[in-house]
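Taking it in order: structure first as structure tokens, then the write-up.
The values are calculated or read from the model by the stated rules, or taken from the named source; none is laboratory data. As the structure is a computational prediction, the values presented were derived from the model and not from experiment. Quick reminder, even Gly has a Cβ in these numbers, built from the backbone with ideal geometry, and neighbours come from all protein chains shown.
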């Protein structure tokens, strides 16, 4: 006789996309229901049980629209709650478990998501099992997550910052696949899997087999099986669970290798059926033809159009979409795709799988007499991008094997994911031997830059000083790494108001950079820019403008046109024009900066917020209160998302909003 099942995992720790929700006052009281819980978890691991409607509804509402719920509800409670929750995107299917089929057949027919009405638990479990097998094959309800790159740089795209998100999603994949996998990583992954599936005997057996038997040439077989790997990896990719993706990177790399080894040799057209919410579809529908789309997960497609089309059953609240993809393997630089029939756990399926991060161009969009939308895409590579210069430039940074964890941290820092970045800097430190002074110094320097971004200036200076002490001991006095640290320490001195010490450190850095690289170098430009900031703080605006413009000239010559350092120069020049009373010129420079930031940085980045705030300041000085408030609120949204409530930038933007709001009232 079984006992009430231990709660599978806390809801916020569900590492799968799907969850079972059982609303029934007897689910934890009747022995047959308790026994059934174990069978249900063998189908979908995460199980939540509720006795009361309100608790159940609040739980469903708390989930992301990327989560998928299979709901079991008693007949009595179902009559009350189904009408309220049926339209929620999270709800995929509903099963009514009752004692009297005739009593409930009438009201259940009006709700298309009700997939079954059962009076026996065995009948209920069998129906859920068969539906989940179907779902695993057709995948139409799985979330399809992508980022977009607008080749026209329209105002709408600049306003969203999605181009920067597109770039960093590509960089993140590239970086993760370069980091070697270790036994420590494997042990951590297996531990997480066992914890997630505690009490789920079927999955625990598979986890043990995976731990003992996995080989790289079996990656596709393991991935295509409906097991913990497919479920966890896809949820991690869609939710951007960076650490889980990091731990699964060996599998991603093995999948990429198998796809390359079995790459389709001729051009083909493949299909993917997808059910999308109106919101999801409208977001895609409004994209201009020519838009580039990067898939944030592996993309499963079929060679059979009729098969993919047949999966799109009628739906009252979801758009039925058929993706038609033209894939030419001869295009240089594409990510691999392959017909995996001979390698899959399901060899009878004619499945073509595209690599994580594959890029497609939007070609056409139309709908047929049945109300099914067809979206035509063509496979392309990152070399097709207007932004390929900046992608290649950023990919080329920090390629030494022993600091690839630092590179990962740097990308996360640039994305504004500060906590995750800190985790990998410390992970790198932990891996280094105590006598690996150079790489320890690199980690200290990275932690200093991160602390600076977070506004923890004392901690930042402490990390920089530790880095400098090591480098002064092991490197030549004119090594550019020492100059970098002098420059970064000077930034902190400047913010703290110690301008003389800042200028002293900037000039030390400038001297070393000029000796190492000559006058026309981006590091020289960085120092010139920073010295300009000192003159700005001392209100010597003409001298500051001279330094800023010299820095911009060098950067424009040596960096891609959309590099964020060029955006930084525009922003700084805008500040000077504002102080000189030339507000229109200031706005021109700020908008140039904003345009670059929003194609090279993720949408929630502090530099975007800072520039929005600067624009707001100009409008406030022009007494255009509505425009000022609009820009301040945009900046506030970003600051609130990435910084603590006590951060000085957060405090200041709220003061700005309060001040301008009082003018309007």
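Below, the figures for the structure above:
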item	result
Residue count for segment 286-304, restricted to those that are over 23 Å from the mean Cα position of the chain (by Cα), assigned to a loop (DSSP other than H, G, I, E, B) and closer than 20 Å to residue 220 by Cβ	2
Residue 241 being at pLDDT below 95 and either at negative phi or out of contact with any helix residue (DSSP H, G or I) (no Cβ under 7 Å at 6 or more places or on another chain) (or both)	yes
Yes/no for residue 39 being more than 32 Å from the chain's Cα centre (by Cα), in contact (Cβ under 8 Å) with a residue 60 or more places away in the chain and either farther than 29 Å from residue 312 by Cβ or surrounded by 13 or more Cβ atoms within 10 Å (Cβ to Cβ) (or both)	yes
Filtered residues of segment 410-451 (kept if in contact (Cβ under 8 Å) with a residue 24 or more places away in the chain, part of a helix (DSSP H, G or I) and under 16 Å from residue 605 (Cβ atoms))	410, 411, 412, 413, 414, 418, 420, 421, 449, 450
Selected residue (only one of 299, 292, 353 is surrounded by 15 or more Cβ atoms within 10 Å (Cβ to Cβ), touching a helix residue (DSSP H, G or I) at 6+ places or on another chain (Cβ under 7 Å) and outside the structural domain of residue 112 (by TED's automatic domain parsing))	353
Among (1) crowded, with 20+ Cβ neighbours inside 10 Å; (2) over 27 Å from residue 549 (Cα atoms); (3) modelled with pLDDT under 90 - the single one residue 656 does not satisfy	(3)
So residue 614, is it modelled with pLDDT of 95 or more and surrounded by fewer than 18 Cβ atoms within 10 Å (Cβ to Cβ)	no
Complete set of residues in segment 321-341 that are out of contact with any helix residue (DSSP H, G or I) (no Cβ under 9 Å at 6 or more places or on another chain) and part of a strand (DSSP E or B)	325, 326, 327, 339
The one condition in (1) within 19 Å of the chain's Cα centre (by Cα); (2) part of a helix (DSSP H, G or I); (3) more than 22 Å from residue 69 (Cα to Cα) that residue 221 fails to fulfil	(1)
Qualifying positions in segment 119-135 - surrounded by 17 or more Cβ atoms within 10 Å (Cβ to Cβ) and at pLDDT below 90	135
Residue within segment 262-276 that is without any contact (Cβ under 8 Å) to a residue 60 or more places away in the chain, under 24 Å from residue 424 (Cβ atoms) and assigned by TED's automatic domain parsing to the domain that holds residue 309 present	no
The lone exception for residue 394 - which of (1) under 22 Å from the mean Cα position of the chain (by Cα); (2) at pLDDT 90 or above; (3) surrounded by 20 or more Cβ atoms within 10 Å (Cβ to Cβ) it fails	(2)
Residues satisfying the stated conditions in segment 305-316, i.e. in contact with a strand residue (DSSP E or B) (Cβ under 7 Å, 6 or more places away or on another chain) and part of a loop (DSSP other than H, G, I, E, B)	311, 312, 315
Test for residue 649: is it in contact with a helix residue (DSSP H, G or I) (Cβ under 7 Å, 6 or more places away or on another chain), assigned to a helix (DSSP H, G or I), without any contact (Cβ under 8 Å) to a residue 12 or more places away in the chain and surrounded by fewer than 20 Cβ atoms within 10 Å (Cβ to Cβ)	no
Subset tally (residues that are surrounded by 16 or more Cβ atoms within 10 Å (Cβ to Cβ) and touching a residue at least 60 places away in the same chain (Cβ under 8 Å)) for segment 42-65	3
Hits in segment 247-280 (condition: part of a helix (DSSP H, G or I), at pLDDT below 90 and over 18 Å from the mean Cα position of the chain (by Cα))	278, 279
